[in-house]
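One structure below.
FYI, it's all coordinate maths here, none of it is from the lab. The shown structure was predicted, so the numbers you read here are calculated from the model rather than taken from an experiment. Here the Cβ positions follow ideal geometry from the backbone for every residue, glycine too, while neighbour counts run over all protein chains shown.
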Amino acid sequence: MTRRAVVVGTGHYLPKRVVENAEFEATLDTSDEWIRSRSGIERRHFAAEGETTSDMAAKAATRALADAGLTADDVDAIVVATSTPDLTFPSAATMVQSKLGMTRGFAFDVQAVCAGFVYALSNASALIASGQANRVMVIGAETFSRIMDWTDRSTCVLFGDGAGALLLEGQELAGTNKDRGILSTDLNSDGRYKDLLYVDGGVSTQSTGHLRMQGNQVFRHAVEKLASTANTALDRAGLSADDVDWIVPHQANIRIIQGTAKKMGLSMDNVVVTVQDHGNTSAASIPLALSVGKERGQIKEGDLIVTEAIGGGLAWGAVVLRW
Ligand code: UT7
């Protein structure tokens, strides 16, 4: 028998304000056509003034609890993947804990930029497997609109805000790759590439800063590293791409998503795509896609899912789970 981290609830939250590509045409030398054809993005949501990452995270978590038929008292730990916390400290996770009215357990943030949710799932799975927590709320939540340089057309049209949450529960299962739950993970980073995607500010440099990206350089790394980490994680679980029902990728660019599926020998019919409606929501993109994919009726119990993501660091990784 093996203790597996099984998904028992999902939820997501998107801020009300929807910004279509055409809105950028008024202030930037860009076009709906360029944004659509180079990235696949058609629109994104932006948080309202005063709306924070923990506000959105708490709403997604509340929906995941309702989906599971559980309350905050049933949760042992909260892990929030974010690079855009409300404050320098305390963690966004402890703010979510307070917003949910949860007075026990523990909460912390994970920061691995766009790969953050994959890192958070891997950590949560380890907490459950080692018996340190039984139910873990894993949230990806971001307000990237706060770190955009609105004069930089090469970045500000790509990102959006939102939050998604998965409630994981420890279950004693057979220990085979037919089990539900997280079956394997693969995490990587390579700090030699830290200058390809970064924010030019932070606490010890005394500013908030703006996101800077050499998009075409990140693109070059993405397809190769994503297909490789997904295949490594599948291999670790004794599975192959043929076993996969759904790739649920980080939603940065439709061309990266298509290239990765192709490299893995899978059709786009096996991919959950939300990039057109959400833009790149960094650590929130995978839980948003999982929650939306379930709502659309694409993802069903028993499906084999591989999630994969890459972002600033560079940091990248994959998680294989059976829904
Ligand atoms: O989530 C974290 C990981 N991030 C990613 O995975 C993002 C990876 N990168 C990408 O998605 C793509 O590289 C972008 C969508 C960012 C850019 O697409 P690209 O095909 O790599 O274009 P490019 O950066 O090579 O730029 C091509 C041209 C340039 O003009 P010149 O130098 O050829 O004259 C840019 O100045 O497109 C220009 N350009 C734009 N034109 C209109 C850049 N941004 C825009 C824009 N509107 N918004």
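With a 10 Å Cβ neighbour count serving as the proxy for reagent exposure, in which order, fewest first, do Leu168, Leu28 appear? Walk me through the numbers before you get to the answer.
Values: Leu168 30, Leu28 15.
Fewest-to-most ranking of Leu168, Leu28: Leu28, Leu168.
What would the Debye formula give as log10 I(q)/I(0) at q = 0.10 Å⁻¹ for the alpha-carbon point model of segment 181-322, no solvent?
Reported log10 I(q)/I(0), two decimals: -0.34.
Work out the charge dipole of the chain with +1 on the Cβ of Lys and Arg and -1 on the Cβ of Asp and Glu about the Cα centre, then indicate which of Phe89, Val7, Leu166 is farthest towards its positive end.
Looking along the dipole axis, the top candidate is Val7.
For the chain, modelled as a Gaussian network with Cα springs under 10 Å, which listed residue fluctuates most, Asp73, Asp186, Asp29?
Looking only at Asp73, Asp186, Asp29, the biggest GNM fluctuation is shown by Asp29.
Between Thr103 and Leu173, what FRET efficiency comes out of the Förster formula 1/(1 + (r/R0)^6) with R0 = 35 Å and r the beta carbon distance, rounded to 0.05?
With R0 = 35 Å, the Cβ-Cβ based efficiency is 0.70.
Would you work out which of Phe117, Asn134, Gly50 lies farthest towards the positive end of the dipole of the chain? Charges go on Cβ: Lys and Arg +1, Asp and Glu -1.
Asn134
Using helices alone, what [θ] at 222 nm do you get for the chain, with -39,500 (n - 2.57) per DSSP H run of 4 or more residues, divided over all residues and rounded to the nearest 500?
-9000 deg cm²/dmol
What does the charge count near Ser31 come to, summing +1 for each Lys or Arg and -1 for each Asp or Glu among other residues with Cβ under 11 Å from its Cβ?
-1
Could you list Arg44, Arg296, Arg180 so that the one with the fewest beta carbons within 10 Å of its beta carbon is first and the one with the most is last?
If I rank by nearby Cβ atoms, fewest first, I get Arg296, Arg180, Arg44.
What number, in percent, do you get for the relative contact order of the chain if the mean sequence gap of Cα pairs under 8 Å and at least 6 apart is divided by its residue count? Don't skip to the answer; put the middle values down first.
On the way: 833 pairs, mean separation 82.6, N = 323.
In percent, rounded to a whole number, it is 26.
Set the bar at 32 Å for Cα to Cα. Now go through Lys225/Lys294; Lys59/Lys262; Lys263/Lys300; Lys178/Lys262; Lys99/Lys225; Lys99/Lys194 and name every pair that lies beyond it. Please report the intermediate quantities before stating the final value.
Values: Lys225/Lys294 27 Å; Lys59/Lys262 35 Å; Lys263/Lys300 25 Å; Lys178/Lys262 25 Å; Lys99/Lys225 37 Å; Lys99/Lys194 34 Å.
Pairs exceeding 32 Å: Lys59/Lys262; Lys99/Lys225; Lys99/Lys194.
Where in the chain are the helices, taken as whole DSSP H runs, whose Cα atoms extend 18 angstrom or more along the long axis and whose Kyte-Doolittle mean reaches at least 0.0?
Helix filter hits for the chain: 53-68, 116-129.
Please list, in order, the residues from segment 293-322 whose amide nitrogen is less than 14 Å from a point placed 7 Å along the Cα→Cβ vector of Asp245.
Answer for segment 293-322: 293-307, 321-322.
Suppose every Lys and Arg Cβ carries +1 and every Asp and Glu Cβ carries -1, with no other charges. What dipole size does the chain come out with about its Cα centre, to the nearest 20 debye?
Result for the chain is approximately 420 debye, rounded to the nearest 20.
How charged is the neighbourhood of Leu167? Take every other residue with its Cβ under 12 Å from the Cβ of Leu167, and add Lys/Arg as +1 and Asp/Glu as -1.
Net of charged neighbours comes to -2.
Taking only Cα atoms and a 10 Å spring cutoff, compute GNM fluctuations for the chain and point out the largest among Pro90, Pro249, Pro287.
Maximum fluctuation in the GNM of the chain, among the listed residues, is at Pro90.
Which residue, His250, His221, His278, has the most motion in a Gaussian network model of the chain that connects Cα atoms within less than 10 Å?
Result for the chain, Cα springs under 10 Å: His221 fluctuates most.
Rg and Dmax of segment 62-171, using alpha carbons, in Å: what are they?
Using the Cα atoms of segment 62-171, the pair Rg, Dmax is 14.9, 50 Å.
With r defined as the distance between the Cβ atoms of Gln276 and Leu87 and R0 fixed at 30 Å, what FRET efficiency is calculated, to the nearest 0.05?
FRET efficiency, Gln276 to Leu87: 0.40.
Using alpha-carbon positions, what is the distance between the centroids of segment 169-224 and segment 12-39, in Å?
25 Å
Could you work out the Kirkwood radius for the chain, taking every pair of different alpha carbons, averaging 1/r and inverting it, reported in Å?
19.3 Å
With Cβ to Cβ distances under 11 Å as the rule, what net charge do the other residues near Gly259 carry (K, R +1; D, E -1)?
In short, +3.
Among Gly311, Gln258, Leu239, whose Cα lies farthest out toward the positive end of the dipole of the chain, if unit charges sit on the beta carbon of Lys, Arg (+1) and Asp, Glu (-1)?
Working it through, the farthest residue towards the positive pole turns out to be Leu239.
If a/c stays under 1.5 just call it rounded; otherwise compare a/b with b/c (prolate if a/b is bigger, oblate if not). Do that for segment 6-130, with a ≥ b ≥ c from the square roots of the Cα gyration tensor eigenvalues.
In terms of gyration-tensor shape, prolate.
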